Amino acid sequence: MNGQDIVNNKVFNYMKASADKTNVDLSGQVPPKPEFSDIVSEIYSEMPVLKHHGFVVKSVDKASEYGGSIEFMSPLEPKNPYGKPYVELYKNAPTEKSELKKAIWGDMLHHLSSADPYWKSLRDEYMGARDERQKKFDREKYEKLKEAGKESRSFEKWMDISWADASVREPLKGNKEWLGFQTKKQKNILKKMENYLKYA
């Protein structure tokens, strides 16, 4: 049997296996690609700095206990089953590819805030450039969450772990609700962030 016959025989076996899985054992063959591997590969190609951190991205067949559609878990969180930066997608996660892709890389940015000193410095600079209107909005947002029983952390901890990341993530994603109120300095910092994600 020559090389071409071997290839043809393998193709035939795969085709036959899809029609009758009882006849051909596919164990030991090429394993299926990890979940969302195509989207994650695109993200890594467009934002190389994220590739260095080895994210795990998985979907779960349940709703989030926090009410969102996606959740980031740091490698140090006890409930993280992978010990790596982990993005968990819930039943109500976006299904349209471009929106799903933005949701995934947007949550990946949480990890940069704890693992990448330069990114953290840009994020802190952005938050330090808020005007009084933004500061008032942030405080009111926190108080509403607290009154509704959706936030138990201190204002400072909430800002550092959640809100500061959201404040840069959403304009970077092009969320129209978050665009238009940044100061000139903040817009310049967002541009630095975009360049760092693309070219670092």
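The values are calculated or read from the model by the stated rules, or taken from the named source; none is laboratory data. Small disclaimer: the values here were computed from a predicted structure and weren't measured. Cβ placement follows ideal geometry from the backbone for every residue including glycine, while neighbour counts extend to all protein chains displayed. Surface areas here come from the heavy atoms of the whole protein model, side chains and all, with no ligands, DNA or RNA. Shrake-Rupley method; radii C 1.70, N 1.55, O 1.52, S 1.80 Å.
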Please go through the stretch 56-73 and give me each residue that is in a strand (DSSP E or B) and not polar (S, T, N, Q), ordered by number. V56, V57, K58, I70, E71, F72, M73
Can you name every residue in the stretch 117-176 that is buried (at least 16 other Cβ atoms within 10 Å of the Cβ) and not in a helix (DSSP H, G or I)? A129, R130, E151
Within the stretch 114-123, is even one residue more than 28 Å from S37 (Cβ to Cβ) and among the polar types (S, T, N, Q)? yes
Residue that is most open to solvent (accessible area, probe 1.4 Å), among those in the stretch 177-189 that are under 16 Å from R123 (Cα atoms) and not β-branched (V, I, T): K184
Go through the residues of the stretch 18-36 one by one and say whether even a single one is modelled with pLDDT of 85 or more and either farther than 30 Å from A148 by Cβ or part of a loop (DSSP other than H, G, I, E, B) (or both). yes
Among the residues of the stretch 95-114, are any touching a helix residue (DSSP H, G or I) at 6+ places or on another chain (Cβ under 9 Å), of a type outside the set (S, T, N, Q), touching a residue at least 12 places away in the same chain (Cβ under 8 Å) and not in a helix (DSSP H, G or I)? no
Out of (1) within 15 Å of D165 (Cα to Cα); (2) more than 15 Å from the chain's Cα centre (by Cα), what's the single condition that is false for K62? (1)
Any chance R139 is at pLDDT 95 or above, basic (K, R) and under 21 Å from F72 (Cα atoms): no
What number of residues in the stretch 71-90 are of a type outside the set (S, T, Y) and open to solvent by less than 30 Å² (accessible area, probe 1.4 Å)? 7
Expected single match for farther than 19 Å from N195 by Cα and in contact (Cβ under 8 Å) with a residue 12 or more places away in the chain among R123, R130 is R130
Return yes when E46 is under 21 Å from L179 (Cβ atoms), open to solvent by 50 Å² or more (accessible area, probe 1.4 Å) and not aromatic (F, W, Y) and no when it is not. yes
So, first residue among the small types (G, A, S) in the stretch 173-200, second residue crowded, with 16+ Cβ neighbours inside 10 Å, Cβ within less than 6 Å, six or more apart or across chains; the pairs are A200/V49
